[in-house]
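The values are calculated or read from the model by the stated rules, or taken from the named source; none is laboratory data. Quick caveat, the model's predicted, so the values are computed rather than measured. Here the Cβ is made from the backbone with ideal geometry for all residues, glycine too, and neighbour counts use every protein chain on show.
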Amino acid sequence: MNVPSSHLVRRAGAISLASEKKSAKRPWVGIRFERCSIYSRLYRASGDRVSQFAADLESSTERGDTPRTMVFLVANVAIFLFILVGAAIHHKRQLHVKMMLTAFVLDLALLFAVELADGAVAQAYRSVGEGRAIIMIHVAFAVSGLVMWIVQIHAGRKIYKQGRMELLPRHAKGARLFLFFRLGNVVTAFML
């Protein structure tokens, strides 16, 4: 491919070749995305988010938060997204059951990890005694979410194993309530 020494830009604006000094072994060297490309817009937007996340991480460590706390927050969000995917594929019952049980185990593992690392239950107990409202709200969401896990697993097991389809509407309503509690848990975790 002959490339002039100046930039070659396609009219579609998707790709420009930076120079003709591309390596034969690595033909992608020198290719970059132009401003008018939707890909570059997405790339720049994600880059902005990454730099904002890095700034937030730096400021959180200045406030006294540990990187371990950030790991717990990221894990909490990842588990919530996993739960959303599991709920979205409810029509594929076998996969739905496997994903939701996996999410339950991951959620419990996160709870135990936070407890072992930070003594979260004792800390929450002290904070509730002090009257910190956000801690009380977070604990209410967390406990309600845990109770809804048990209720949903119990109803889902009856539907899956015994074929009791009359429980499906109740299970669907419980799922919406559970997702509300779980979302509240994730949001208030960032406010602590």
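Among the candidates Ala175, Ala124, the residue that is surrounded by 13 or more Cβ atoms within 10 Å (Cβ to Cβ) and in contact (Cβ under 8 Å) with a residue 40 or more places away in the chain is uniquely Ala175.
One residue alone among Val114, Val186, Val121 is part of a helix (DSSP H, G or I), within 20 Å of the chain's Cα centre (by Cα) and at pLDDT below 90, and that residue is Val114. Within the range 107-127, is there a residue that is within 19 Å of Met191 (Cα to Cα) and of a type in the set (Phe, Trp, Tyr)? The answer is yes, given that some residue of the range 107-127 is within 19 Å of Met191 (Cα to Cα) and of a type in the set (Phe, Trp, Tyr). Quick check: anything in the range 174-191 of a type in the set (D, E, K, R) and within 20 Å of His91 (Cβ to Cβ)? Yes, the range 174-191 contains a residue that is of a type in the set (D, E, K, R) and within 20 Å of His91 (Cβ to Cβ).
Of the listed requirements (1) within 20 Å of Arg182 (Cβ to Cβ); (2) aromatic (Phe, Trp, Tyr); (3) modelled with pLDDT under 65, Phe53 misses just one: (1). Filtered by the rule that a residue be over 29 Å from the mean Cα position of the chain (by Cα), part of a helix (DSSP H, G or I) and not basic (Lys, Arg), the range 145-169 gives Gln162, Met165, Glu166, Leu167. For the range 147-161, the set of residues classified as free of Cβ contacts under 8 Å to residues at least 12 places away in the same chain and within 17 Å of Leu111 (Cβ to Cβ) consists of Val147, Ile150, listed by residue number.
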